[in-house]
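The values are calculated or read from the model by the stated rules, or taken from the named source; none is laboratory data. Nothing here was measured: the structure is a model prediction, and the numbers come from that model. Heads up, the Cβs are rebuilt from the backbone with ideal geometry, glycines too, and the neighbour counts pull from every protein chain shown.
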Amino acid sequence: MKYILLFLSFNLLSSQSLDERYHTTEELYSYLDSLNQLESIQNFFHLDTIGYSTQENIPIIGVRISDNAAIKEDEPRVLFIGQVHAEEILGVEIIVSLIDKLLFPDANSYTHINILKEYLDIWLIPTANPEGLNVVHEGLDFSFRKNKRDLSSSGPYPNGIFDYDPSIGNDIDGVDLNRNFDFNWAFGDTFLEPDNSDYASHYDYYKGEQAFSESESIAIRDLALDNDFTFSIVWHSSRSGNLSEKVFSSWKWEEEKESPDLNIIKPIADQFASLIDTEDGTSTYLSVFSGSRNGKLHDWFYHETGCIQYLVECGTANLQPDSILIENTIERNLPAMFYLMDRTIGYYADASQLTGRVFNANTNEPIQNAVVEIMEHSGSVLKPRLTNEFGRYRRILDVGTYNMHVKAKGYDTQILTLVANNSAITNQDVFLEKSDLFNLSFELLNDSYDQQNFSGSITDIFDKSMIEISSGQNNFELPKGTYKVEFYSNSQIMPWSKNITLNSDLNFKIPYQNSNSINLNNSENWQTINGSWVHSDSTIHSQLTAYYENSDTTIISNWMESNTFNVSGSNRLTVQLKHKFETEWDHDLISISILNGEDSLLNSVSWSGHEWNEYQTSLLSATSIEGFTDIKIRLDFRPDQSVNYRGWVIKEIEIHSIFDNFLKVEEIKETYIPKIPLKINNIYPNPSNGNLRMSVSGLKGKELKIKIFNILGQEIESLSFNEMIKGRQFFDLNLNNLGGVPSGSGMIFIRLETKKEQVVKKCIIIKN
């Protein structure tokens with residue numbers, strides 16, 4: 001029966017015509033231009049061309065509505081996007097109607113809307129895909145989904161023909177714009193890849209030749225990066241009806257991988273969805289998690305910028321309904337849109353958020369790009385949350401107490417404890433003191449070489465600064481802090497890497513000389529392998545398949561060890577590798593270690609996260625006052641039980657060794673492992689009857705305390721654990737008797753404490 005219905009829907013699409021209520025691109029832009037001519041709304045209405053379409057260079061128009069719409073002011077911003085997929089045109093009409101409501105409010109909403117325009121900068125993009133909109137309106141293909149990128153059935157290159165098919169899923173031309181963003185882009189469909197949906201042939205989800213290959217995606221990206229949007233909505237319509245009338249939040253993958261702010265994002269989505277009645281009038285929209293990873297717009301927005309964007313499937317299987325249902329859908333969606341704007345400024349809605357500005361304490365000038373980290377909602381998955389050009393930070397939060405770290409390059413870090421509540425927005429300005437400056441000097445010494453220049457870098461927590469260094473004296477003035485100084489060349493000159501803490505003037509000497517080198521890329525240089533390592537064309541891969549497999553335990557690792565090499569006569573070693581990697585940020589570590597002949601660790605470094613776009617050069621050094629004899633190299637990859645990625649690829653790996661006359665004792669060993677934060681991944685069931693399981697990751701071992709608090713902040717139970725296993729662990733908790741008293745229904749807070757970290761998650765207890 002399912003396939004009969006699909007067949008009927010395909011035929012309906014191929015035989016339909018659009019209701020005249022829908023705006024063509026020409027009609028839409030003409031309407032916006034007419035609004036731009038009205039003197040009465042000139043202060044409130046402004047048009048921006050944010051970019052152009054890929055194939056036909058059609059402008060993509062953004063509308064700004066505010067009390068000073070042409071001026072960028074220090075106020076929160078929201079973004080509404082009407083249409084990304086060509087066929088999903090209901091969103092265009094929702095946006096047009098919202099523009100009308102904001103510009104010409106009726107008597108009942110006049111005060112409310114004026115408040116929104118006074119305190120908000122409201123951006124609206126009726127169509128992000130004008131090419132696709134034209135295809136649908138021209139009647140060529142009512143099921144067209146993509147833009148019109150010119151491609152060929154023989155491969156992803158142009159042939160000068162618009163290759164479309166009126167039947168569903170067989171369009172060769174075009175890229176799915178909602179698969180073209182660079183967060184998890186790798187998981188999208190390749191060119192002409194059949195999709196595993198209900199459709200027999202399905203080429204509609206092509207992700208493009210690379211992330212941000214399409215001008216439309218670039219336009220949205222650049223707009224988002226230039227404007228710190230607080231909330232955003234992007235409208236879609238479900239072709240099959242399977243996803244209809246749902247609100248998607250970012251994200252929950254494979255049950256265990258939640259976005260760090262999910263306990264904030266999801267309740268707002270729940271409230272948003274509850275305000276939209278379903279088409280049949282029997283219920284409201286369903287709030288759900290985004291569960292797939294494939295370059296979607298709303299996941300990218302949250303990951304990259306901190307903007308909480310929801311994807312709304314606003315229609316049913318009737319993708320392009322008649323004018324009566326268009327108006328009905330618009331009216332049902334409007335209350336939710338106004339709620340989201342109200343939530344942004346705390347107007348007759350929950351107000352819990354932290355905001356303020358970061359200033360130079362000496363000059364009172366705002367500091368742009370300061371890192372503002374809410375420690376309870378932090379994770380390596382997220383890009384740093386930065387202040388804007390006004391020095392403004394803004395974080396939507398749940399009610400509670402938060403630890404906030406504020407950092408800026410050249411300034412001392414400031415740590416604050418702040419309280420967010422529902423009654424009013426918490427405003428806290430921060431004034432940072434300039435850090436003391438110190439001289440970092442090093443001298444490259446070797447009389448047998450002429451003056452030469454090298455490219456090097458100085459890296460701190462904020463960025464990697466490329467520098468030019470030369471034989472002889474090199475001087476830099478830097479704020480106090482921790483740095484990594486390194487340089488290398490394509491010749492046999494010894495690469496150099498040194499981690500330093502700069503809290504006084506520092507001067508050291510570096511030997512500038514040829515090294516003894518050993519190339520490890522050939523397979524015969526490796527003797528022991530555990531796991532799925534592969535040699536291919538002198539390149540080392542962590543696995544044969546496109547994506548690595550998850551481990552069924554957090555203890556097992558995949559490792560590969562080299563042969564033992566004799567490096568007698570040297571007291572300094574540096575491993576130079578050219579590599580790229582893509583792993584789960586919080587858990588899946590890749591490591592390289594230098595070991596001696598007795599398997600003692602000399603030094604190691606680990607990475608985690610996404611560095612896949614291009615190969616990077618990394619250095620690992622070890623030193624010995626007594627000198628080295630036998631050494632070997634170990635590669636280690638430890639995936640956990642959660643999501644997987646493309647793993648690790650090593651293009652070049654070499655061991656360099658010299659005798660260093662200027663060796664310092666403090667350089668003997670310095671091991672770096674990326675910080676994996678303590679995190680409560682999940683509590684389930686939640687709500688609970690008192691018996692629940694809690695999934696915890698990022699355990700450091702040793703002591704752990706679990707404390708239970710009631711809604712008044714009173715501690716009612718405490719559990720202590722002395723010897724914890726590192727990594728991930730599950731705790732089964734019985735909360736039916738707390739503090740010697742049988743527990744009743746209500747909200748509790750579960751707090752995990754170590755010596756250096758604290759995390760909190762709320763839980764609902766419901767007793768029959």
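Go through (1) without any contact (Cβ under 8 Å) to a residue 60 or more places away in the chain; (2) over 24 Å from residue 551 (Cβ atoms); (3) in contact with a Phe, Trp or Tyr (Cβ under 8 Å, 6 or more places away or on another chain) one by one and return the number of the condition residue 662 breaks.
(1)
Considering only residues that are under 23 Å from residue 303 (Cβ atoms) and either basic (Lys, Arg) or in contact with a Ser or Thr (Cβ under 6 Å, 6 or more places away or on another chain) (or both), which ones fall in region 591-608?
606, 608
Filter region 375-393 down to residues that are out of contact with any Lys or Arg (no Cβ under 9 Å at 6 or more places or on another chain) and not in a loop (DSSP other than H, G, I, E, B) and give me whichever is farthest from residue 463 (Cα to Cα).
376
For region 273-296, indicate whether the set of residues that are within 13 Å of residue 231 (Cα to Cα) and either among the basic types (Lys, Arg) or crowded, with 23+ Cβ neighbours inside 10 Å (or both) is non-empty.
no
Okay, residues lined up against (1) over 31 Å from the mean Cα position of the chain (by Cα); (2) in the same structural domain as residue 538 (by TED's automatic domain parsing); (3) surrounded by fewer than 20 Cβ atoms within 10 Å (Cβ to Cβ):
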| residue | (1), (2), (3) |
| --- | --- |
| 578 | no, yes, yes |
| 582 | no, yes, no |
| 586 | no, yes, no |
| 590 | no, yes, no |
| 600 | yes, yes, yes |
| 606 | no, yes, yes |
| 611 | no, yes, yes |
| 617 | no, yes, yes |
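Condition first: in contact (Cβ under 8 Å) with a residue 40 or more places away in the chain, acidic (Asp, Glu) and surrounded by 15 or more Cβ atoms within 10 Å (Cβ to Cβ). Now tell me which residues in region 38-76 satisfy that.
The answer is 67, 75.
Only one of (1) over 24 Å from residue 90 (Cβ atoms); (2) touching a residue at least 24 places away in the same chain (Cβ under 8 Å); (3) assigned to a helix (DSSP H, G or I) fails for residue 255. Which number is that?
Only one criterion is unmet by residue 255, namely (3).
Tell me the strands (runs of 3 or more DSSP E) entirely within region 452-559 that contain at least 1 residues that are acidic (Asp, Glu), out of contact with any Cys (no Cβ under 8 Å at 6 or more places or on another chain) and within 28 Å of residue 608 (Cβ to Cβ).
481-487
What is the one condition in (1) on the phi > 0 side of the Ramachandran plot; (2) surrounded by 15 or more Cβ atoms within 10 Å (Cβ to Cβ); (3) over 21 Å from the mean Cα position of the chain (by Cα) that residue 364 does not satisfy?
(2)
Residue-wise test of (1) assigned to a strand (DSSP E or B); (2) among the basic types (Lys, Arg); (3) surrounded by 15 or more Cβ atoms within 10 Å (Cβ to Cβ).
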{"site": "683", "(1), (2), (3)": "yes, no, yes"}
{"site": "697", "(1), (2), (3)": "yes, no, yes"}
{"site": "705", "(1), (2), (3)": "yes, yes, no"}
{"site": "709", "(1), (2), (3)": "yes, no, yes"}
{"site": "717", "(1), (2), (3)": "yes, no, yes"}
{"site": "728", "(1), (2), (3)": "yes, yes, yes"}
{"site": "748", "(1), (2), (3)": "yes, no, yes"}
{"site": "751", "(1), (2), (3)": "yes, yes, yes"}
{"site": "759", "(1), (2), (3)": "yes, no, yes"}
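Among the residues of region 330-349, how many are crowded, with 22+ Cβ neighbours inside 10 Å and at pLDDT below 95?
0
Step by step: first the residues of region 93-126, then only those that are in contact with a His (Cβ under 9 Å, 6 or more places away or on another chain) and under 18 Å from residue 36 (Cβ atoms), then the one that is surrounded by the most Cβ atoms within 10 Å (Cβ to Cβ). Which residue is that?
126
Of the residues 144, 80, only one is assigned to a strand (DSSP E or B), among the aromatic types (Phe, Trp, Tyr) and at pLDDT 95 or above; which?
80
Applying the selection to region 481-499, what residues are surrounded by 15 or more Cβ atoms within 10 Å (Cβ to Cβ), modelled with pLDDT of 90 or more and either among the polar types (S, T, N, Q) or farther than 22 Å from residue 453 by Cβ (or both)?
Matches in region 481-499: 481 only.
Looking only at region 558-613, count how many residues are in contact with a Phe, Trp or Tyr (Cβ under 6 Å, 6 or more places away or on another chain), aliphatic (A, V, I, L, M) and either free of Cβ contacts under 8 Å to residues at least 24 places away in the same chain or under 19 Å from residue 697 (Cβ atoms) (or both).
1
Being among the β-branched types (Val, Ile, Thr) and either assigned to a loop (DSSP other than H, G, I, E, B) or surrounded by fewer than 18 Cβ atoms within 10 Å (Cβ to Cβ) (or both) is true for just one of 419, 406. Which residue is that?
Sole residue among the options that is among the β-branched types (Val, Ile, Thr) and either assigned to a loop (DSSP other than H, G, I, E, B) or surrounded by fewer than 18 Cβ atoms within 10 Å (Cβ to Cβ) (or both): 419.
Counting only residues that are out of contact with any Pro (no Cβ under 7 Å at 6 or more places or on another chain), among the small types (Gly, Ala, Ser) and assigned to a loop (DSSP other than H, G, I, E, B), how many does region 608-626 have?
Residues in region 608-626 being out of contact with any Pro (no Cβ under 7 Å at 6 or more places or on another chain), among the small types (Gly, Ala, Ser) and assigned to a loop (DSSP other than H, G, I, E, B): 2 in total.
Kindly list the number of the only condition in (1) part of a strand (DSSP E or B); (2) touching a Phe, Trp or Tyr at 6+ places or on another chain (Cβ under 9 Å); (3) over 20 Å from residue 586 (Cα atoms) that fails for residue 372.
(3)
Taking only region 287-336 into account, find how many residues are in a helix (DSSP H, G or I) and not basic (Lys, Arg).
The number of residues fulfilling the criteria is 22.
I need a count of the residues in region 225-267 that are among the small types (Gly, Ala, Ser), crowded, with 24+ Cβ neighbours inside 10 Å and more than 30 Å from residue 682 (Cα to Cα).
1
Could you say whether any residue in region 291-300 is basic (Lys, Arg) and either without any contact (Cβ under 8 Å) to a residue 40 or more places away in the chain or farther than 18 Å from residue 249 by Cβ (or both)?
So far as region 291-300 goes, no, none of its residues is basic (Lys, Arg) and either without any contact (Cβ under 8 Å) to a residue 40 or more places away in the chain or farther than 18 Å from residue 249 by Cβ (or both).
If a residue has to be closer than 30 Å to residue 730 by Cβ, assigned to a loop (DSSP other than H, G, I, E, B) and not hydrophobic (A, V, I, L, M, F, W, C) to count, how many in region 627-657 make the cut?
Number of matching residues: 7.
Any chance region 149-165 includes a residue that's touching a helix residue (DSSP H, G or I) at 6+ places or on another chain (Cβ under 6 Å) and surrounded by fewer than 21 Cβ atoms within 10 Å (Cβ to Cβ)?
no
Does residue 161 satisfy the criteria of being of a type in the set (Val, Ile, Thr) and modelled with pLDDT of 95 or more?
Yes.
Please indicate, with yes or no, whether at least one residue in region 441-449 is outside any loop (DSSP other than H, G, I, E, B), surrounded by fewer than 17 Cβ atoms within 10 Å (Cβ to Cβ) and touching a Lys or Arg at 6+ places or on another chain (Cβ under 8 Å).
Checked against the condition, which is being outside any loop (DSSP other than H, G, I, E, B), surrounded by fewer than 17 Cβ atoms within 10 Å (Cβ to Cβ) and touching a Lys or Arg at 6+ places or on another chain (Cβ under 8 Å), region 441-449 yields at least one hit.
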